[in-house]
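First the structure, in the form of structure tokens, and then the observations on it.
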Amino acid sequence: MRKSLLATGGAVAAAVLILALLATSCGTGNQGGMSTDLRALMSARNLSEADVAAALKTYTPTGGRDEFYLFASGGHSGNLLVIGVPSMRILKYVGVFTPEPWQGYGFDEETRRIIRDGSPPGLPLTWGDMHHPALSETNGDYDGEYIFVNDKANARIAVVSLRDFATKQIVMSDLIQGDHGGTFVTPNTEYVIETAQFPAPLGGGYAPLSDYDDEYRGAQIFWKFDRTRGRIVPEESWAIELPPYMQDLADAGKLASDGWIFCNSFNTERAYGGIQQGNPALESGASQNDMDYLHIFDLRRAEAVVKQGRTTLIAGMRVLTLPVLVEEGLLHFVPEPKSPHGVDIAPDGNAICVSGKLDTHVTVYDFAKIRQLIEQKRYDGVDPYGVPILPFRDAIRGQVEIGLGPLHTQFDDRGSAYTSVFIESNVARWSLADLTLQEKIPVHYNIGHLCAAEGDALHPRGKYLVAMNKWAIDRFSDVGPLLPQNFQLIDISGDKMQVLYDLPIPLGEPHYAQMISADKIKAIEMYTPVGTDPVTGELHPDAVVREADARVDRRADGVHVYMTLVRSHLNPDIVEVRRGDRVVFHVTNLEQARDATHGFAVDKYNVNLSVEPGKAADAAFVADRAGVFPFYCTEFCSALHLEMAGYLLVKP
Ligand code: RUQ
Ligand code: CUA
């Protein structure tokens, strides 16, 4: 019944649309005629004027471009989502922590190496729990060159280049077992910050939970980023040891607070669960205290102390231990109310915003006051590890009454802040100048992060905000028990916020996103010169740059096939090997025409490459089954794409 009604409704709407189109295309579409047709369309589809306004704000005719890019975490998928704003069209999924077949990511030798280098020995990981993307910054503003993402499950950080939207590097430190507070960058991307959530013995050793207070530790890693090489340099990176609280999200200071790092924490109770052992569950054990500690870290002075060599090497990482941090006065705490979550520095560099998951406020700290308290050594005592605690009342500018379950805060270009309110399912807009609530808009439902255009940078752009909602009950057509997430685009340019668009995200739980002005992205059109290895950015040593050099070489270490791809043939197209031979295909796409991508797959050998124009990539495997295995191009590249094929003959 419901189905047939819907079908009828759809048919009517389509008919009205066609009538409207006919009316305009016949030249009768003057103002009056158009609006009559539009009104008919509106009533047929049951749309209000606000709906139509929302549609007009997002609709992008074919060929049109978006004003912003949204880079969103792909959650469990381990991929990075690229979405155009305001159209909310999905532009790309970038394979990062998880093999991604379309890009051949994790299938070719070059990217398999990236995953292998960023995995425990002998266990190339096949998933990641991506949480927080961070765009590279220059002078506190996004520069559109790189984006960094973390994998909470395996304590990994990846570097993605925005020249070709491809992953270049994954690093994993054995110092910590997982992270959550990553990634955040300093205003000139000197460092990418990664913070552990679950305390554990640093360096991966064993200690019983009864030794939690003494042997378990938190840590924050400062991964050194080399901008010219576009890579993290593990040897130049270092870390700090932290008490076994659960360190959470961080943010780097800017302007007045430049050179300082802020990180919130929870579970200063040091609970670790143990329901079967008669302990409270972690959720209640970690929620006893009224206050946890905002961590305030003096990065600049710490760099000097690292240079002096006052570090301890743990699992190959130089670590400033807690006693050194205390002795040098590098770390201070200030209380933060009731299960705090996230810390966000306002564009003025002075207001530090922290929400309490179990509090109804956003607490706004004043960096100038914090700095003074530190200089005057005005402490309210120390924590069990000797870290001085600044007096709460003297460190804050004030508190904004927001509602139930405030989480994260972003900013616009007109002095407003926007806080996601999880329990109430809304976005609260409030004034940074006088700390008053201005407006709330409902979102559907259970919003986690939110993302305003360049909303955590020095110069936010305003205009758009995306609410990243965890639940989507009743928003979309049913797809069984596992529901998509819901991104809601909100227009924040006017005096009233308006929800414009719902985008279901069906491949994982995105946590955070960043939105950058599209004109800052300078993507390449193809790999030049022909034979480029995208991972190194240099000529691939085994590239075949002229078809005349295509060949099969039998060598001691296996059969090397030097193959070229050009519309519409692979050369060589017949490859004969013996069972047990190691086979290495070195494949180069000779095309220098945009979008002339070829793929390369060998049937039943799990070989799958994406070879974009100018790219060279390798596929290596042992031909351990005899038989006839067709290989072919997997991208519909030309009229004779189906003929772009050949045979791998594996002789018994
Ligand atoms: S935080 S569960 Cu980004 Cu609100 Cu991770
Ligand atoms: Cu090349 Cu299809």
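The values are calculated or read from the model by the stated rules, or taken from the named source; none is laboratory data. Keep in mind that what you see is a predicted model, and the values were worked out from it rather than measured. Cβ placement follows ideal geometry from the backbone for every residue including glycine, while neighbour counts extend to all protein chains displayed. Just the protein is used for accessible areas: all its heavy atoms, side chains included, with ligands, DNA and RNA removed. Shrake-Rupley method; radii C 1.70, N 1.55, O 1.52, S 1.80 Å.
Of note:
- Output for the range 375-394, where each listed residue is touching a strand residue (DSSP E or B) at 6+ places or on another chain (Cβ under 7 Å), closer than 14 Å to Gly329 by Cα and open to solvent by 60 Å² or more (accessible area, probe 1.4 Å): Tyr379, Val382
- Any hit, the range 310-325, residues being surrounded by fewer than 23 Cβ atoms within 10 Å (Cβ to Cβ), free of Cβ contacts under 8 Å to residues at least 24 places away in the same chain and part of a strand (DSSP E or B): yes
- Residue check, Phe422 out of contact with any His (no Cβ under 6 Å at 6 or more places or on another chain), surrounded by 19 or more Cβ atoms within 10 Å (Cβ to Cβ) and among the aromatic types (Phe, Trp, Tyr): yes
- Among the residues of the range 30-66, the one identified as among the hydroxyl-bearing types (Ser, Thr, Tyr), open to solvent by less than 50 Å² (accessible area, probe 1.4 Å) and modelled with pLDDT under 95 is Ser35.
- Every residue from the range 606-648 that is within 11 Å of ligand 2 (Cβ to nearest atom) and aliphatic (A, V, I, L, M): Val611, Ala639, Leu640, Leu642, Met644, Ala645
- Close pairs from the range 48-71: first in contact (Cβ under 8 Å) with a residue 24 or more places away in the chain, partner assigned to a helix (DSSP H, G or I) and open to solvent by less than 40 Å² (accessible area, probe 1.4 Å), Cβ under 6 Å, at least 6 apart: Asp66/Ala518; Glu67/Ala518; Phe68/Ala518; Tyr69/Ala518
- Just one of the listed residues (Arg163, Arg112) is without any contact (Cβ under 8 Å) to a residue 60 or more places away in the chain, surrounded by fewer than 24 Cβ atoms within 10 Å (Cβ to Cβ) and either in the same structural domain as His449 (by TED's automatic domain parsing) or of a type in the set (S, T, N, Q) (or both), namely Arg112.
- Where a residue in the range 632-651 is farther than 16 Å from Ala593 by Cβ and its partner, wherever it lies, is charged (D, E, K, R) and away from ligand 1 (no atom under 16 Å from the Cβ), with Cβ under 7 Å and at least six apart: Gly646/Asp573; Leu649/Glu576; Val650/Arg579; Val650/Arg625; Lys651/Glu576; Lys651/Arg578; Lys651/Arg579
- Residues of the range 216-239 satisfying the condition of being part of a strand (DSSP E or B), within 27 Å of Gln410 (Cα to Cα) and either open to solvent by 20 Å² or more (accessible area, probe 1.4 Å) or in contact with a helix residue (DSSP H, G or I) (Cβ under 7 Å, 6 or more places away or on another chain) (or both): Lys224
- Being modelled with pLDDT of 95 or more, crowded, with 17+ Cβ neighbours inside 10 Å and more than 9 Å from ligand 2 (Cβ to nearest atom) is a description that does not apply to Pro652.
- Residue match in the range 339-355 (condition: away from ligand 1 (no atom under 16 Å from the Cβ) and part of a helix (DSSP H, G or I)): no
- Residue match in the range 496-517 (condition: out of contact with any helix residue (DSSP H, G or I) (no Cβ under 8 Å at 6 or more places or on another chain), under 16 Å from His444 (Cα atoms), open to solvent by less than 20 Å² (accessible area, probe 1.4 Å) and not in a strand (DSSP E or B)): yes
- For Phe148, the requirement of being open to solvent by 10 Å² or more (accessible area, probe 1.4 Å), closer than 14 Å to Ile221 by Cβ and either not basic (Lys, Arg) or not assigned by TED's automatic domain parsing to the domain that holds Gln410 (or both) is not met.
- Of all residues in the range 131-146, those satisfying the criterion of being more than 8 Å from the chain's Cα centre (by Cα) and assigned to a strand (DSSP E or B) are Leu135, Ser136, Glu137, Thr138, Asp141, Tyr142, Asp143, Gly144, Glu145, Tyr146.
- Any hit, the range 546-569, residues being outside any loop (DSSP other than H, G, I, E, B) and of a type in the set (S, T, N, Q): yes
- Some residue of the range 366-374 being open to solvent by less than 10 Å² (accessible area, probe 1.4 Å) and farther than 26 Å from Pro244 by Cβ: yes
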